[in-house]
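Worksheet for the structure shown next.
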Amino acid sequence: MSGQGTADPVHRAPAHARPRHGVILWAALVAVVLVALIVGAVATLSLTDPGASAAPATTPTRPATPPPLSATQQMLVDSGDTTTCAVSFEAADLDVPPMLQHEGQLYTGLPIPSREGAVFAGWYASPAGAEDLSIADRVNGSELVDCDERERTLYGAWTTPEANAAEDAQIPILMYHQFTSNPAGESGWLRLNYAYIGDFEQQMAYIADQGFYQPTWDELSAFIDGRLFLPNHSVIVTDDDADDTWYQLAVPVVDAHHVLATSFMITVDRRELHPSPYVIVRSHTEDMHRAGANGKGRMVNESAEVIAADLEASAAYIGAKEVIAYPFGHYNDTAKAGVAAAGFELARTIDYGYVHIGTDKLALPVIRMNYGMSVGDLARQIG
């Protein structure tokens, strides 16, 4: 009956309008599977496509092994001294090991090789210089060591005994004593000993400008033996006594002109060894520069044993033997025996003359340079 508590019938949605939850879930599952398949396919294509970019494979590498050091490089490393320079030598039929020298110091101990039927003609800065025996290119202990990146090669040359004899070299040893800045000279009986420093400066400039070869004492010894070629255009500069005028006036001159000079020092009187890189100090005895019993020098008044002991004491301070200058120029056979017994090879006198092949090594002559001698006088003496 209508209106008397009868409930309204429930309104149901049509069957086609109700959600189909099963269908929706199924569609979602299918979609997920399709996405997964697509992603997998793309990944597969990326792995198999040769054109696809991929991280390059890396192969572990070992550190590069440095090349082994050369003999000269190893010498420099072993020296532990950054001022050293390794000098190598090249010459025909000659195998000389490299040696260390020090930059900015004079070359020392350069080898003087020997070969049957030949005379060594020196070391040169270039092969062309060695071939021409060029004085300007010749290298010895009169010049300072100068290397390129701490290495240098010197080139040796040979000549024949006949060519060496034909050169007939006459080597002058200049002997100076004291110096004065007074153009008029000094007074007294030793006046001639005091060379005017203005003349000395011109003389050293002449030696440098004219390109004279300046032999070392070991070279002079080998020359006397006939084992080493020296050009006629050679000269050796020496000073006796090493007094204050030598140090104050003369040393700056030889230093400025790069002239090698030997200072013969009386070691009981002086203890200064290195006034300039171009000055080498050698013995004028320890205490023989005094008069003996007969008024002449002690060198001709003492036994060979006493002379040898004196020279040993002098050499111990200087650090070299090699050559001495006889005090006052006095010597005899006993003096020569003492010099030889002490281990010195050469001795310089005050006798006038030139050194040649065969000269007595314990009686080397000199050209005495006195006050009043000009550069012209020097040129007449040495060429």
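Plugging the Kirkwood radius over Cα pairs into Stokes-Einstein for region 300-383, at a temperature of 4 °C and a viscosity of 1.567 mPa s, what D comes out in µm²/s?
The Stokes-Einstein estimate is 92 µm²/s.
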Over region 168-382, relative contact order from alpha-carbon pairs under 8 Å, at least 6 apart, % | 25 percent
Mind listing the phi-derived Karplus ³J(HN,Hα) values for region 82-88, rounded to whole Hz, using 6.51, -1.76 and 1.60 with θ = phi - 60°, and x for any glycine or proline?
-> 6, 8, 6, 9, 8, 9, 9
Partner lysines for residue 296 [C-alpha distance under 17 Å; skip if fewer than 8 residues away on the same chain] = 336
Whole-Å semi-axes of the ellipsoid equivalent to region 241-351 (Cα gyration tensor, √5λ, descending) | 25, 14, 12
Determine ³J(HN,Hα), in whole Hz, for all residues of region 172-179 in sequence, where each value follows from phi through the Karplus function 6.51 cos²θ - 1.76 cosθ + 1.60 and θ = phi - 60°; x replaces Gly and Pro.
-> x, 10, 7, 10, 9, 10, 9, 9
Let me know the charge dipole size of region 168-382 about its Cα centre in debye, to the nearest 20, where only the beta-carbon of Lys, Arg (+1) and Asp, Glu (-1) is charged.
-> 260 debye
Calculate how large, on average over all directions, the projected area of the Cα convex hull of region 342-383 is; give the answer in nm² to one decimal.
-> 3.9 nm²
For region 111-257, what value does the Rg/Rh ratio take when both radii are computed over Cα atoms and Rh is the Kirkwood radius, given to two decimals?
-> 1.05
Over the alpha-carbon set of region 71-160, divide Rg by the Kirkwood Rh and report the Rg/Rh ratio to two decimals.
-> 0.98
Bin all alpha-carbon pair distances of region 168-382 at 5 Å intervals from 0 and give each bin's fraction as a whole percent.
-> 1, 7, 15, 20, 21, 18, 11, 6, 1, 0
With the radius of gyration and the Kirkwood radius both derived from the Cα set of region 291-332, what is their ratio Rg to Rh?
-> 0.99
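Bear in mind these aren't lab numbers, they're just calculated from the coordinates by the rules spelled out. Everything quoted here is computed from the prediction, not taken from an experiment. Neighbour counts are summed over all protein chains in view; Cβ atoms, including those assigned to glycine, are modelled from backbone coordinates with ideal geometry.
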